[in-house]
Amino acid sequence: MDSIDFKILECLKVNSRMNATAIGERINLSTSAVLERIKKLEASNVIVKYTTVIDSEKIGKGITVFLSVSLEHPKFDENFRAQVMENEEIVECHYVTGDYDYMLKCTTASSKTLEQLLNFVKSINGVSHTKTLVVMRTTKNEFTY
């Protein structure tokens, strides 16, 4: 990876649909050179996938929470992760250090659906403790590399 690759990534981070010609014009590189570099970034899994960023509030999921979860024992880890993968309201799951084992980012529609989500997580076999933080405002939400 060199500075040109990082410039290409920055362009794609802003708009993953930006075409190679537009990227080339922005970073002063030929279209074919941009395409070649993008293919290499994809082949080496630097670029894992292209996706769409959706505003949760505009699709009726105006409540965002961070949910810290402790497991009783590591033997419950695989089942916990499988259950998390099945729940569409859990949008991120991170294995973390500190007082908890996992940090979940969740989006949901209302206090009622939040209660259902919390009950779901707490009922997963092996979950011993949770801590919920409700997001009041997001100042920065940026996808980085």
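Tabulated data for the structure shown
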quantity: In the stretch 53-111, the residues that are more than 17 Å from residue 128 (Cα to Cα) and among the hydroxyl-bearing types (Ser, Thr, Tyr); calculated: 56, 64, 107, 108, 110, 111
quantity: Condition met for residue 16 (at pLDDT 95 or above and among the hydroxyl-bearing types (Ser, Thr, Tyr)); calculated: no
quantity: Top-ranked residue of the stretch 117-129 - restricted to ones that are surrounded by fewer than 12 Cβ atoms within 10 Å (Cβ to Cβ) and without any contact (Cβ under 8 Å) to a residue 24 or more places away in the chain, ranked as nearest to residue 70 (Cα to Cα); calculated: 123
quantity: Only one of 132, 97, 113, 108 that is exposed (fewer than 10 other Cβ atoms within 10 Å of the Cβ) and either at pLDDT 95 or above or of a type in the set (Ser, Thr, Tyr) (or both); calculated: 97
quantity: Leading residue by the ranking (nearest to the chain's Cα centre (by Cα)) among those in the stretch 81-129 that are among the β-branched types (Val, Ile, Thr) and under 23 Å from residue 59 (Cβ atoms); calculated: 91
quantity: Residue list for the stretch 122-133, filter: among the aliphatic types (A, V, I, L, M) and in contact with a helix residue (DSSP H, G or I) (Cβ under 8 Å, 6 or more places away or on another chain); calculated: 124, 127
quantity: Verdict on residue 84 being in contact with a Leu (Cβ under 8 Å, 6 or more places away or on another chain) and in the same structural domain as residue 124 (by TED's automatic domain parsing); calculated: yes
quantity: Test result for residue 66, surrounded by 11 or more Cβ atoms within 10 Å (Cβ to Cβ), touching a residue at least 60 places away in the same chain (Cβ under 8 Å) and aromatic (Phe, Trp, Tyr); calculated: yes
quantity: Residue selected from the stretch 36-57 under the condition of a type in the set (A, V, I, L, M, F, W, C) and outside any loop (DSSP other than H, G, I, E, B), by the criterion surrounded by the most Cβ atoms within 10 Å (Cβ to Cβ); calculated: 38
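The values are calculated or read from the model by the stated rules, or taken from the named source; none is laboratory data. Because the structure is predicted, anything quoted here is derived from the model rather than measured. Neighbour counts run over all protein chains shown; Cβ positions are idealised from the backbone, glycine included.
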